Structures are given as C-alpha cells and as structure tokens.
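A.B. asks: A single structure is presented below for examination.
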C-alpha cells in the first residue's frame, strides 16, 4: 500500500495577469499512494482546482504557467512532457471528473458518443466493443436501461445521472489515477450519498487511486484515507483523515473543523473563521494565514513556517510546532 | 439506490430519445411558422425546377428571328412596323401562344426555357458562393476564438480590413481584371462574403470555449483538432444553418446586380443576365425584364422567410 504512484513536489502554478502575478498554487507537495483516496481540502480559491488542473496541464496557458516543481508519474515528470505525451496521458492514465456534470457534457452529442469518444482515442477497440463497454460501465454506475441512455442527450438526464455518466466516462480507459473535482458539490444530499458510494466501491473493487477535491470535511471523513489541507496555494497540513478530524494541528484545520455544525449543541451561532481568503495577487507575508489566525505570533508575519513532521504520516506547516 | 432515477429516465424517454426525434422537434417548431413553410416549399420547387426543368423546355439558346418579342400567354400587344414601300406604320396585334407560355425575347428565345436554366445558374451561384463563405467564416471564426491571443487578434483585424473594403467595388475590380467569368464571380463573392459569418461564429465560440465540456474533452486526451471539429463546431451548427439560409439570397442578388450593370458572364443565362437584356426592350417587351425580376423577388423572399423561421425554431428562448 505504500508505493507512491504520483508525487507532486514543490508545485508552483502562477497566472500572469494584467493586475499582477496570481500565485494560485505556490509550493504544494503531496504524494498519492496506490489504491488510496487522497482528499484535497480547503476554502474556495485556495488552489485545489488549479493543483488538479496542473497535474493534467489543463489550465489556460497563457496566462497560466508552471514556474517550478515536479509532478512525477510513472518515471515521467508531467511538467516537462510534450503536449502530445500529455494527450496520451489524459484520460488514459489520469482521468478527471468535473464538478458540474451539466456543463462538463457536450449538449449536442449523445451520452453514447461521449462515453465512447475517449475509448476511441486511447483503446484499440472497434465500435461494437466500445459500445458494449460503455453500456457495462453505465450499468455498473447504477444507471438502468443503459442501452436507451446511450441515445439520450445530456439535458434528458437528471443531475445525479449526469454525474454518474461523467464518472463512467472517466473510468472507460481504466485510468491509474482518478481526479475528482468536487463531484458532490453541485448535487443534492441523496445523490451525494450515491456518488460517495460509487467512489467507495471503486476503491474497494478496483483499488483506484483517487485525488478527491472537496471543501466538505464531512465528505473527507467518509471516504478519505489521507487529506491535504490547502490554504493560499500551499499545503498547510497533511495527515491521515482520522488525525485531521481527531487531532488537527494547524489552526486553519482546527478552524475548519470547528465550523462544522454540531448537532449535540443546539441553538447558538455557528462558528466561522474570521475574514476571507487572501487576495492571491497580494498574499500576506510570512504565513499566509496569519491575518486570520487566532494564535498568530510575531514571527508569523515575518517568516514562512517550515514543514514540520509531527509523526511519520502527519506533517504541518506552522510556527507553533517548530 | 437507483429506482427513483429509473422513473426519471422513463418519463424523459417519452419526449425524445434520439437524434431523429431531435430533428423532428426542430421540424415541429419550424412548421408552426407558415411563412417559413411557404419559403421552404418554394425553394424545393425551385430546386426541382433547376434540376429537371431543362429536360422539358425548349433550348434556351436557340434564337428564332421569326418569333421575336412574343408576349406571354393571355397577353396581347400592338406592334407598329415601319413599311418602307408605303412609307407608313402598319400596326399588328400579337398574342401569346402556348408554344411560348412566358413569351420570347428580342432574339426569339423562349422565356420559359431561359427562366428555368437561369434558376439553375442562380441557385448554383447562391449555394457555391455561400458554401465558400460559410466554410471560410466558420474556420476563421472558430480558430480565432479557440486559439485566442495573437492569432485571434491577427484574424479579427484581417476581418475588419475585409469588412471596410467596399465589397461591390472589389467585385467590379475582379471582373475587370479576370474578365466576366461566372466561376470568378462566384469565387469572388464567396471570398469576400465570410466576414460577418466569421465574427458571429467567433463570438458564439468564445462563450463555448470556456464551457467546462471543452476542458473535459481535453481531459479525455482529445487533440485541438478534435475539440474544434467534434465539440465546438457541432454547437454552432444551428448558427451556421441560419447564416447560410440568410446569405444565399444576398449572393444571388449580388450576382444579379453585377449582371445588371453589364459585368455578368454573358455566356451563362442567369436571371441577372436576362434582366439586363430585358431592360433595353422595356417599352416593347416588358416581360423579358419582369419575369426574371419576379423570380428573383420570390426566391429572395423565400430564403429570408425560411431563415427567419429557422432562427426562431433554433432559438431556445423564443416560443414559436
């Protein structure tokens, strides 16, 4: 279980805009182990999605650019691959599930066309086999009468079904790694439960290595093995999910957990972290979290905290622990 | 886990499960527009006329100086002929005959035959020139929007320059340089007519480009070519159809106008050429100019009605 399949090392993705350099991802590090579900957690704008897009190099370039860091996959450094190599990796080795199924499906092509497209690109199968495989995948995703659904257009399906179609699509070429960008955010709670079930099953049956992006700690606690908490384009805490939830170290992680409504305490206001995410053009100096941190010290605004290992699996970047 | 969504599928399934039904759906929407249906019917009639009409008519090029300027059926005109011997005008009455239902021109050619073969020429001009303009406009518009950056800038400034060029003057210039050949006229109209289409396609593609399904297609490992041709262009196809329908009459009229001012191809009897030949004999044989004029009028009207109807049908916001 400990073999690392994807390693992101000091990744920096900047966007060079007219208003300045947006440091969307600024030195993120994590490892994805075979068969595990790694969660990227954080508020909106903390760089989760850009990290995911950087792995597949799918952000708009220009203005975006990976200025530093390595993404190692299968003896390749993805930041240095040619665009042709990237095309072969996308979908076949690393597949992505997008947040909004509604807009991630092409409205003028049938579901069948869209599911088989990726197989046509990557697999040496004829059209009968791709169709068969697509239908099998759809039924595996719990879509009834798959044959009929193949002929449907996206607008004829419900939101949950569209999300399942997207997952089926991303699995069609047996990818090594699945990146899911907030797949449960745009759907209601019932569908959310069903989709989490699917991911759980993927892990159990296929030992799928998944990077699961979410802002929802409840989801993390349900399906995650390990979690990377991101803030201001950096990873601030990395630990097994049980430790993140049970023994959070970083004040930001603690803040996030305190924000979860507690059903045992009725009444009273919900707690929140004061302030908002920093302006990515003008990041605070030192630790980017210090203006909002309840435990901020003098050093926090001056020096960037180094990464400290609490235990073998638990790393945190905070001056409290240095 | 899935019973509820199963019901949803069944419910939706009754509406329209596949491609043919989608075409059907647009056909139903278009059909509600009576004028569009009239336009479509006339265009079908015209295409049939152009395709098989010449098999049944007389030879449109055969001159017959015994039967010049015969009016259409049911019309009678008086013609005065100067007689040298008597030094007097003799007036004769000439009536239309079923041999030449639409009359003959000043060279005794059958008008019906000329109109029918003119339909062939005018339609071909309209379709080919529009085809060229649509293909150019779509490629330039989509490429410009998809690639963005300096490519977009260069292509759009080029479009601006093309737009500021006086289109008609350019045509006159081309005819002047290359001579009045129909092929050159068609090519010239096509090569200058793409600008508006390119701009419209670009603006539509710009908003499509940022949609997630385009990123998703790239995430599947699709190449730029594939994204453009399989994901972008099918999404602007309704726009292309509407633009094509609406630009065909303009092209037919442009060719007619060129012919009318004497720059048309004299070897091919398009409606514009017939119209032009009729303008000299308006006082003695009005039908030579009026008949192709009516055909031009109806054709342009039919394409415009159909184009408007299609636009309403394709527009999801309109309730036809």
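A.B. asks: Any idea what the relative contact order of chain B is, in percent, if you count C-alpha pairs under 8 Å spaced at least 6 apart?
C.D. replies: Worked out over chain B, it gives 23 percent.
A.B. asks: Can you say what percent of the DSSP beta bridges in the protein assembly as shown, counting only those with both residues inside, are antiparallel? Round to 5.
C.D. replies: DSSP beta bridges in the protein assembly as shown are roughly 70 percent antiparallel.
A.B. asks: Just the Kirkwood number for chain B, please: inverse of mean 1/r across all distinct Cα pairs, in Å, one decimal.
C.D. replies: 23.0 Å
A.B. asks: Once you place label points 7 Å from the Cα toward the Cβ at residue B:168 and residue A:308, how far apart are they in nm?
C.D. replies: Each label point is offset 7 Å from its Cα along the Cβ direction, giving 8.3 nm.
A.B. asks: Computed FRET efficiency, Cβ-Cβ of residue B:37 and residue B:203, R0 22 Å: what is it to the nearest 0.05?
C.D. replies: Working from the Cβ atoms, E equals 0.15.
A.B. asks: Note the per residue figure in Å³ for the convex hull of the C-alpha positions in the protein assembly as shown.
C.D. replies: It comes to 209 Å³ per residue, whole-number rounded.
A.B. asks: Please give the contour-minus-distance gain from residue A:136 to residue A:301: 0.36 nm per residue of separation, less the Cα-Cα distance, rounded to one decimal in nm.
C.D. replies: So the extension gain works out to 53.9 nm.
A.B. asks: Choose one answer from A:255, A:47, A:233: the residue with the largest mean-square fluctuation in a GNM of chain A with alpha-carbon springs under 10 Å.
C.D. replies: In this elastic network of chain A, the residue with the biggest mean-square fluctuation among A:255, A:47, A:233 is A:255.
A.B. asks: How high is the relative contact order of chain A, in percent, with contacts defined as C-alpha pairs under 8 Å that are six or more residues apart?
C.D. replies: With pairs under 8 Å counted, the relative contact order is 21 percent.
A.B. asks: Suppose each label sits 7 Å from its Cα in the direction of the beta carbon; what would the residue A:276-residue B:139 distance come out to in nanometres?
C.D. replies: Between residue A:276 and residue B:139, the simple spin-label model gives 4.7 nm.
A.B. asks: Right, here's the next one. Under the rule of -39500 (n - 2.57) per DSSP H run of 4 or more residues, summed and divided by the residues of chain A, what mean residue ellipticity at 222 nm is obtained, to the nearest 500 deg cm²/dmol?
C.D. replies: When only DSSP H runs of four or more count, the value is -9500 deg cm²/dmol.
A.B. asks: I've got another one for you. In angstroms, what radius of gyration and Dmax does segment B:207-287 have, counting Cα atoms only?
C.D. replies: Gyration radius and largest Cα-Cα distance of segment B:207-287: 23.1, 72 Å.
A.B. asks: Which of the peptides B:174-183, A:27-36 is most tightly packed, and how do the rest follow, going by the mean number of other Cβ atoms within 10 Å of each residue?
C.D. replies: A:27-36, B:174-183
A.B. asks: I'd like the distance separating the alpha-carbon centroids of segment A:270-305 and segment A:2-43, in whole Å.
C.D. replies: That distance is 20 Å.
A.B. asks: Quick one: in segment A:107-178, what % of C-alpha pairs are over 14 Å apart?
C.D. replies: Of the Cα pairs, 53 percent sit more than 14 Å apart.
A.B. asks: Looking at chain A as a GNM with Cα springs under 10 Å, which of A:23, A:247, A:65 has the largest mean-square fluctuation?
C.D. replies: So, out of A:23, A:247, A:65, the one fluctuating most is A:247.
A.B. asks: Ranking A:252, A:321, B:82 by Cβ neighbours within 10 Å, fewest first, what do you get?
C.D. replies: Ranked by crowding around the Cβ, least crowded first: B:82, A:321, A:252.
A.B. asks: Taking neighbour counts of Cβ atoms within 10 Å as a proxy for exposure, in what order, fewest first, do B:109, B:211, B:157, A:18 appear?
C.D. replies: Least crowded to most crowded, the residues run A:18, B:157, B:211, B:109.
A.B. asks: Moving on. Going 7 Å from the Cα of residue A:207 along its beta-carbon direction, which residues of segment A:74-100 have the amide nitrogen within less than 19 Å of the resulting point?
C.D. replies: Only A:74-75, A:93-95 pass the distance filter.
A.B. asks: Normalised by the number of residues in segment A:107-174, what is the relative contact order in percent for Cα pairs under 8 Å and 6+ residues apart?
C.D. replies: That works out to 49 percent.
A.B. asks: Provide the gained length on full extension for the span residue A:242 to residue A:148, in nm with one decimal, where the gain is 0.36 nm per separating residue minus the Cα-Cα distance.
C.D. replies: 29.6 nm
A.B. asks: Quick check: residue separation of residue B:25 and residue B:51 times 0.36 nm, minus the Cα distance between them. What number comes out in nm?
C.D. replies: Here the segment from residue B:25 to residue B:51 would lengthen by 6.4 nm.
A.B. asks: So which residue, out of B:59, B:283, B:308, gets the largest mean-square fluctuation from a GNM of chain B using Cα contacts under 10 Å as springs?
C.D. replies: Comparing B:59, B:283, B:308 in the GNM, the peak value goes to B:283.
A.B. asks: Next question, about the same structure. For chain A, restrict the atom set to alpha-carbon positions and state the Rg and Dmax in Å.
C.D. replies: Every Cα atom of chain A included, Rg and Dmax give 20.4, 67 Å.
A.B. asks: Compute the distance in nm between two label points, each set 7 Å from the Cα along the Cα-to-Cβ direction, one at residue B:181 and one at residue B:64.
C.D. replies: The two pseudo-label positions are separated by 3.4 nm.
A.B. asks: With axes computed from alpha carbons, what is the tilt in degrees of helix B:19-31 against the longest principal axis of chain B, rounded to the nearest 10 within 0 to 90?
C.D. replies: Computed tilt is about 50 degrees.
A.B. asks: Arrange the following residues from fewest to most other Cβ atoms within 10 Å of their Cβ: B:68, B:90.
C.D. replies: Sorted ascending by nearby Cβ count, the order is B:90, B:68.
Every number in this text was worked out from the coordinates using simple rules, so none of it is lab data. In this text the structure is predicted, and so the values were computed from the model without any measurement. Here Cβ is always computed from backbone atoms with ideal geometry, including for glycine, and neighbour counts include all displayed protein chains.
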